[in-house]
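For reference, the structure discussed in these notes is given below.
The values are calculated or read from the model by the stated rules, or taken from the named source; none is laboratory data. On a predicted model such as this, the values are computed, not experimentally measured, just so you know. Reconstructed Cβ throughout: ideal geometry from the backbone, glycine too, with neighbour counts over all protein chains shown. Remember, those area values only see protein heavy atoms, side chains included, never the ligands or the DNA or RNA. Shrake-Rupley method; radii C 1.70, N 1.55, O 1.52, S 1.80 Å.
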Amino acid sequence: MARDRSSALRRAVTSVVVTRRGIGFAVVALVMFVAAPVLSLPALLYVTGLLLGLLVVSTVFVFVGHSRVRIERSFSPQVVALGRPTRATVRVTNLSVLPCLEADWDDRLPAGVTGDHTGALPSLGGSRGADARATFSYELQGLRRGRHLVGPLRVDVHDPFGLVHRRHTFGGVEPLTVLPRRIDLPPITPRGAGDDGATRPAPQNVGVGDDDIIARAYLPGDALKRIHWKASAHRAELMVRQEESQVTPRAAVIVDTEPSSQGTARDRKDSWEHSPALEWAVTATASITAHLARAGYVVALQSNSTSLDRVVAEGHDTLEDAMVDLALLEPDPADRPGRHDADGAAFVVLGRLTVERAQQWVAALSASRTILALVAHGTAAQALEVLDGARWNVVAWTPGDDLAEAWAAFDGTSRQGEPARAAR
């Protein structure tokens, strides 16, 4: 749980709003003021003064009430999976010596986050009292991946007579990180892949190039120096040492974030327009990365630029680090051809390609032995011919496609004997 970064008081206040009751008081006061000389009833002026005095007192009250308040906000957890709930806890402390009556609160939620973010704030004592602090919490969940800024807290202060109210805005914002969606993917045997286990679960390895010593039953002709005495005593039969060389498998997962290929552009606020295509690509990238990491691979996670560059493996980056990077991933037009040096299997999630970009990707991944590419529907036929000429395994996708089905289309050993779906 992380506290609001701004422990100091930050405050912004809107204008005072007169309620219908307050407007009624003002109208009655005006009528009394006009009627007093007309009806020769000076007592009506006392009524006028009383009503106007109540309005003035109420206005002063809402200016003074909740004038100095400190807000501390935290989430548990602060990094949450898409669609999973988290709990926001807000602590309000009155820094003024004057008490604060009950008020209504509203914690501002950005687009992409939903929750029951309104309620009633109990009365607070003065700063010198033990009841100067109140804590409340509410549940919220992320509907879209990314880093969402929650806050500031808005407090509507009402006077005791219901004549005026004033909205105060307190505190700063606190980031809530929502991870991308992940889909469980089955093991596959890609079309044209060799028996190097490019996408099948890898064994639990000691390390790159290490010899894993195992024991097997003694066979006639085995040298006595190879006898594994500890294993023999444990199994009550002669066992011999057998060295089995194992190499940790490696794979690269690369996502294309070029804006035009993913169907997005800058809007009037200089923010990237929401792109269902990019969201699908990020989900695919996260799912493939998690699938390979769980199978024991060293996964190099990259994008077409420098915005994403992780190595998911023991002693390097964690899978959660990679998911956080994908949560924050934005479109990036800066291509860097030749940057990818994957010499094993490469899994590429691409948008709509032109012939030129297809040639760049082929050159960048020329060292890879096996390439499985998810390419957006609408890619030019000439670009697909470039990928086919480089012997890429290509499956087309659209934002509405089921990722597990698209992934299964790579399987060269379809259970029903049907050919995998091609990109054409």
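Sort the following peptides by mean Cβ neighbour count (other Cβ atoms within 10 Å, averaged over residues), highest first: 152-163, 279-290, 129-140. Intermediate results must be reported in sequence, preceding the final value.
Working: 152-163: 19.4, 279-290: 23.5, 129-140: 14.1.
Top to bottom by mean Cβ count within 10 Å: 279-290, 152-163, 129-140.
Please compute the contact order of region 96-158 in relative form: average sequence separation of alpha-carbon pairs under 8 Å and at least six residues apart, divided by the residue count, as a percent. Don't skip to the answer; put the middle values down first.
Values: 112 pairs, mean separation 28.7, N = 63.
Taking the mean separation of contacting Cα pairs over the length of region 96-158, I get 45 percent.
Which whole-number value in Å² is the accessible area per residue of region 352-417, probe 1.4 Å? Don't skip to the end; give the middle numbers.
Values: 3310 Å² over 66 residues.
I get 50 Å² per residue for this part.
Considering amide H positions built from the backbone, and no H for Pro or chain starts, which residues 5 or more places from residue 346, or on another chain, come under 5 Å of its amide H?
Here the answer is 252, 370, 371, 372, since their amide H atoms fall under 5 Å of that of residue 346.
According to the Kirkwood expression over distinct Cα-Cα pairs, how big is the hydrodynamic radius of region 12-135, in Å? Please report the intermediate quantities before stating the final value.
Values: mean 1/r = 0.0552 Å⁻¹.
Averaging 1/r across every pair of different Cα atoms and inverting gives 18.1 Å.
In whole Å, what are the Cα extents of region 81-176 along the three principal axes, biggest one first?
Projected onto the principal axes, the Cα atoms of region 81-176 cover 42, 30, 18 Å.
Per residue of region 153-159, what does 6.51 cos²θ - 1.76 cosθ + 1.60 with θ = phi - 60° give for ³J(HN,Hα)? Whole Hz please, x for Gly and Pro, Karplus curve as stated.
8, 9, 10, 9, 9, 10, 7
Once the convex hull of the C-alpha atoms of region 241-325 is built, how many Å³ does it hold per residue, rounded to a whole number?
On the way: hull volume 8.9 nm³, N = 85.
Spread over its residues, the Cα hull of region 241-325 gives 105 Å³ apiece.
For residue 396, list long-range residues whose amide hydrogen, built 1.01 Å from N in the peptide plane, is under 5 Å from its own amide hydrogen.
375, 423
Over region 11-111, what is the relative contact order in whole percent, taking alpha-carbon pairs under 8 Å and six or more residues apart? Intermediate values should be presented prior to the final figure.
Numbers: 75 pairs, mean separation 19.6, N = 101.
Answer for region 11-111 is 19 percent.
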